[in-house]
Amino acid sequence: MEENYERKFFSTFEKYDTFVTTQKCFLQLDSIPELSLEEKTEYDALFTKLTLTLDEYQEQSYLLDPHLEELVKPVVEYLKLHVKNYASDFKPQAGVWHVSMLLYSYMKCRGYKTINLLVVVAYMRAPDSPVRQTKLWALRYIVLLWLSLICMIPFDLSQFDEGEGGQTASSIETIGKQYLANAGLEREGAALLLSRLYMRQDSLSRFIQFLEWSTVSLNGSVDLFTCIGMLHVLCEMAKSAPSTLVQSSVSDLLIICTTLGTKDIVINNTIVRKLQTKLSARIALRLLPGKQGARVKGRHLSSGQTTTEGTVEDEEADIPEEVETVLEQLFGALQDKDTLVRWSAAKGVARVAERLPMDFADQVLETVLGHFKIHLVAAAAMYDVPAIAEATWHGACLTCAEMVRRGLVAPSRLAELIDWLSKALYFDVRKGAHSVGSNVRDSGAYVLWAMARAHQPSDLAQYADELARHLVTVSLYDREVHIRRAASAAFQEFVGRTNLFPHGIDVLRKTDFYAVGIRRNAFLIAAPEVAEHTEYRTYLINHLLDVSLRHWDFNVRRLGSQSLRLICSQNISSMAVEPIGRCVVLLRSPESSDLHGGLLGLTEIAIGFQEKEAPDIVENRKQDIFRYLTLIPESVLLGPRNEIITAAACEFLANTITLEDIMLGDRCAVPNWRKIMEFGLKHRSELFGSTLTQELKRGSLVSQQSLGRTLGVIDFNSFPTCLHPSIQTLLGCVNRTSGAFRSNVEARRNCFAAMPQILGNISARISPLLGPEAVVRMFDALLEGLTDYTIDERGDVGSWVRIACIRGLTSFITILIGQADNMPNFVQYLPSERYHEALRGILKQGVERLDNVRQESGENLRKLLSISPPASVGSGEWMVHDSAFFNSLFPADDESRWNDAAWLFPKAVRILEVESYRKSVLLGIIASVASLTDSTHRPVTASLVAYVSSLPLHRNESSKYDLLSIFDDLFDHMKKNATANSVVLPVLQVFNVLLEGEAFELLQEEHEGIMRLQKLLDMVSNVVNLLSFQPVFRSSVEALPKFLEHQYPVVRVETSERLYLVLQSSPTIDGDTDEVEEVLLQIEWSSADMQTITEAAQKVIRLLKEI
């Protein structure tokens, strides 16, 4: 629901009427003392609806303003009534919690200053008041906020005293201190209440007492929550109290800040340190002169010059020592371990510097820049920086950003600042299994974003090219998405405000918020597009070689190598020379990440040569790269803890080794390459097997075709860890929609052929090596392969795949049933429904149009018929249904001639009598009827017409199929695929064949006492619907008289109504049908006047024939 709110924007409070009605019902139910269960359910539902509606308008809460008083007033009146009742000792309403939560929702949506309450102090102080109930925190928070608003009225509180003077103020103060130690919003409400109270002219002395109480509390056994509440009050006072009051209390406030640092129990808390930092900064602000006018944080468009207004008039004015003390504390807080504290300190330093003379402000900036030097970083030593430097650099960057935003950085300081920022953008320090520095890089981008907004283009022009390259590089190649987007935003700000960056608009389009949101997209799509501009290309390549290929994250190194290939592919012959040399340097490094990155870089460059260069050049290039593997010691390549390096070496070999190197064997440039490959295959990690197969997948068409053959002959008994990756690769490759070989039929065929080979190789150890899920997935892939009807210029090349799948399914069934006794969970490996699905697929292929496919199906069916069912499970489930019938049709001693249509189809049509395989066989016959090959078309049509003509109208004991059923099966198949011409047209051809052969003659004959009315009506529906198909339009018209003139009125009426609807709605019936429709509407088809009915029917038929 929240996602919908984020995407929806309103122009008015559209739900006002509904909301008012709901709130009215809610308050009415709340006034009932005892609610029934049904009323309680409705009450809760109304409350939920109200709060969700307010949440919906959270981001556009101003839309409630025209109606706010009207909405809030009933809720306030209810609470006022509740207070009066309580004051009169009446029992309060039970629903006060829900009402207070509703009022809290109003305040959360619109702010507490918009809401006013009138409740009494006694209500809060009463010992048995409802506010003391734990769950009524919202009510306590509301009353505390109300009291804070009461403290703002311009009347002396003493006039409300009923007894001794100051009673009201003391009561309010007591209430505030009572809740100051609470956690959550109650503490914030209490702090706001006390600060508003102490700011009053008639309560200033109470603040001095509060300071004394705070000091005593800190020196004693201080409570953490009380300390946080106390600091909240002091921060509010330092912000909004009269200057004279704050300045007179500076020493006490600073003592409190200093004392906090000595209390480990509280200073270790992040919130305490944050509030301490905020208090210190606000003390300094109140000691300095206020801004006479806001400093202009931009440029005057008329002059184009940066100006400041209202700066301190006396540049030589003395700065109080306390300000210097505070600045020292803030500089220390910039290095705090928590971001909240650093962020508060950064804003404090910038705000103080904004009130200082420009010379002093520049000294502050110099001190901040000095934080970068605490852990001096040179580009080459970036990985040697201690992790603690992260906090220092982050605090410094945040402070620089705040000072830049306020116009406190002079143009003369930009060179030094940009130099440090160029390092901060790449701050990434390895720490254990991860790294630190992402917030430094993020804040560095923030500084540059602020710089584009605050400085003149003339000030930034000399740094524009350098900044553009840095920001583009970070927006494309940083590991973290929020940093890529931050850099992209800074780049956008520069392009929009300065127009200094080369090809700014075009590059921004390629590196916008969404383009860099996905790391893979940024590396592999956006980066190569940006590299088309020569101003950025070299810098991007250098970053990939110096940073990405050496990165601590495995995935960044891989994506970096792929990005390097894509960029160099723009001109691989010239652009790859330098990267190859620098990748070779990485191979000499002792760092495993450098070795891995170097291997990946060389591998991807070799792939780039293979994709872009001519075959003869590719061989030479690959041989040159291949020899560099000797630079890595064998002990490193085959080390027990160097899995990723060994896998990268296998990937390197798969892409760089040539046929000449393979033939040379040990005499080639890398004599130990076989040893490396064998080590990878034997390794327990699945990474190696998947690496080899993935590289074969990405190779040339020939290497792709060799993948299946290679995997099919591997002895997985010796290399069991490679088994599952290999199967996963095969399954991915045979996917026709998204697989690697979707356009390579031969490769798919070989992968299908490899599946039964793999199962056969491990047949004695199927259960230990392969789970039932993997076997079933391969079986399903083979079943899916039977639907491959790919056609290209060579014809039906999908038949190669179908033949491989027929053989594969037969092999799977043979192997699994043969090993059933050794497999305790045989049923999971070969479910009976999968077994019969395979039989259906093979039978369907056995009656289709291609002779060689039919012959293969027949031979494999014969093998399946000869297999004995497993003895360990229910044998009947793994037998061909009606196997005796099949054996009689195709005897074992009879020569199988399934490729001879004249021999096959008179037998094949009889398979339609086996109900479990009927629909599959019927689909195959339909495909054969549609065949253009006369040697197939004639035998199948003659056999089908003869068989259908022999069927009775209804099924009986001597017949397992009937005329009505075959008619329904054909029509149902056509209806389910009404939009597919490849299905509809063959079915229509079958109808034509059967109609022309008078196979449906029985449908036009009346069989009283035999034909059921429902069957007759179904026939009417089928015949009339066939009018929509032009090839059988006239044949269907010929069949209509028997139904329009039928003896049963209900049949005549049904026929006329359906015929009218089809003529009205079918877009495929050409010609004018108005006259036919008029006849159908005028005649009373249920009439007993058969002569009129007959004449009308004949007229309808005549008119339809004329269309």
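The values are calculated or read from the model by the stated rules, or taken from the named source; none is laboratory data. Fair warning: this is a prediction, and the values are worked out from it, not measured in the lab. Reconstructed Cβ throughout: ideal geometry from the backbone, glycine too, with neighbour counts over all protein chains shown. Just so you know, the surface numbers come from the protein's heavy atoms only, side chains and all, with ligands and any DNA or RNA stripped out. Shrake-Rupley method; radii C 1.70, N 1.55, O 1.52, S 1.80 Å.
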Residue within the stretch 424-432 that is open to solvent by 10 Å² or more (accessible area, probe 1.4 Å) and assigned to a helix (DSSP H, G or I) present: no
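For (1) assigned to a helix (DSSP H, G or I); (2) among the basic types (Lys, Arg); (3) open to solvent by less than 30 Å² (accessible area, probe 1.4 Å); (4) within 13 Å of ARG854 (Cβ to Cβ), each residue gets a yes or a no:
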site	(1), (2), (3), (4)
SER896	no, no, no, yes
TRP903	yes, no, no, yes
LEU912	yes, no, yes, no
TYR917	yes, no, yes, no
GLY924	yes, no, yes, yes
ALA927	yes, no, no, yes
LEU932	no, no, no, no
ARG938	yes, yes, no, no
THR941	yes, no, yes, no
Check whether at least one residue in the stretch 564-582 is surrounded by 18 or more Cβ atoms within 10 Å (Cβ to Cβ), within 20 Å of ARG479 (Cα to Cα) and touching an Asp or Glu at 6+ places or on another chain (Cβ under 7 Å), and report yes or no. yes
Being within 21 Å of GLY598 (Cβ to Cβ), modelled with pLDDT of 80 or more, open to solvent by 20 Å² or more (accessible area, probe 1.4 Å) and in a helix (DSSP H, G or I) narrows ILE676, ILE644 down to just ILE644
Of all residues in the stretch 679-695, which are hydrophobic (A, V, I, L, M, F, W, C) and either at pLDDT 75 or above or open to solvent by less than 50 Å² (accessible area, probe 1.4 Å) (or both)? PHE679, LEU681, PHE688, LEU692
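Can you pull out the helices (runs of 4 or more DSSP H) entirely within the stretch 775-852 that have at least 2 residues that are within 17 Å of PRO756 (Cβ to Cβ) and open to solvent by less than 10 Å² (accessible area, probe 1.4 Å)? Quick ask: steps written out before the conclusion?
Details: elements: 798-818, 826-829, 832-846.
The qualifying helices (runs of 4 or more DSSP H) are 798-818, 832-846.
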What number of residues within the stretch 442-454 are open to solvent by 10 Å² or more (accessible area, probe 1.4 Å) and closer than 18 Å to THR392 by Cβ? 2
Does VAL1032 satisfy being open to solvent by 50 Å² or more (accessible area, probe 1.4 Å) and β-branched (Val, Ile, Thr)? no
Those residues that are outside any helix (DSSP H, G or I) and within 24 Å of GLU402 (Cβ to Cβ), I need them from the stretch 454-508; list them, please. HIS455, GLN456, ASP478, GLU480, THR498, LEU500
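Within the stretch 323-363, how many residues are among the basic types (Lys, Arg) and open to solvent by less than 10 Å² (accessible area, probe 1.4 Å)?
Count: 1.
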Could you list all residues from the stretch 714-745 that are surrounded by fewer than 17 Cβ atoms within 10 Å (Cβ to Cβ) and among the basic types (Lys, Arg)? ARG742
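Take the residues in the stretch 419-473 that are under 21 Å from ARG519 (Cα atoms) and basic (Lys, Arg); name whichever of them is modelled with the lowest pLDDT. Reasoning before the result, please.
At the first step, the residues of the stretch 419-473 found to be under 21 Å from ARG519 (Cα atoms) are 424-430, 433-446, 468-473.
This time we only want the ones that are basic (Lys, Arg), so: 430, 441, 469.
On the way: ARG430: 80, ARG441: 94, ARG469: 96.
Per the criteria, the residue is ARG430.
Please tell me if ILE657 is modelled with pLDDT of 75 or more and touching a His at 6+ places or on another chain (Cβ under 6 Å). Full working, then the answer.
Working: modelled with pLDDT of 75 or more: yes; touching a His at 6+ places or on another chain (Cβ under 6 Å): no.
Here the answer is no, as ILE657 does not meet what is asked.
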Has the stretch 943-961 got any residue that is at pLDDT 75 or above and in contact with a strand residue (DSSP E or B) (Cβ under 8 Å, 6 or more places away or on another chain)? yes
Anything in the stretch 27-58 that is open to solvent by 50 Å² or more (accessible area, probe 1.4 Å) and under 13 Å from TYR106 (Cα atoms)? List them, or say none. LEU52, ASP55, GLN58
Of all residues in the stretch 826-845, which are under 15 Å from ARG918 (Cβ atoms) and touching a residue at least 60 places away in the same chain (Cβ under 8 Å)? HIS836, LEU839, ARG840, GLY841, LEU843, LYS844
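If we scan the stretch 1039-1060, do we find a residue that is among the aromatic types (Phe, Trp, Tyr), in a helix (DSSP H, G or I) and open to solvent by 50 Å² or more (accessible area, probe 1.4 Å)?
Here is the first cut: in the stretch 1039-1060, the ones among the aromatic types (Phe, Trp, Tyr) are 1043, 1048, 1060.
Now drop any that are not in a helix (DSSP H, G or I), which leaves 1043, 1060.
Still in the running and open to solvent by 50 Å² or more (accessible area, probe 1.4 Å): 1060.
The answer is yes; a qualifying residue exists.
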State which residue pairs qualify: first residue under 17 Å from VAL1037 (Cβ atoms) and inside the stretch 1049-1060, second residue hydroxyl-bearing (Ser, Thr, Tyr) and part of a helix (DSSP H, G or I) in any location, beta carbons under 7 Å apart, and separation of 6 or more residues or different chains. ARG1058/SER1021
Candidates THR168, THR174, filtered to the one that is open to solvent by 20 Å² or more (accessible area, probe 1.4 Å), among the β-branched types (Val, Ile, Thr), modelled with pLDDT of 80 or more and assigned to a helix (DSSP H, G or I): THR174
Based on what the data block shows, is ASP512 assigned to a helix (DSSP H, G or I), among the acidic types (Asp, Glu) and under 30 Å from the mean Cα position of the chain (by Cα)? no
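Got a sec? Which helices (runs of 4 or more DSSP H) wholly within the stretch 528-580 have at least 1 residues that are closer than 21 Å to GLU466 by Cα and not aliphatic (A, V, I, L, M)? First the steps, then the outcome.
Details: elements: 534-546, 554-568, 572-575.
Per the criteria, 534-546.
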Identity of the residue in the stretch 131-161, open to solvent by 10 Å² or more (accessible area, probe 1.4 Å) and more than 20 Å from ARG196 (Cβ to Cβ), that ends up modelled with the lowest pLDDT: ARG132
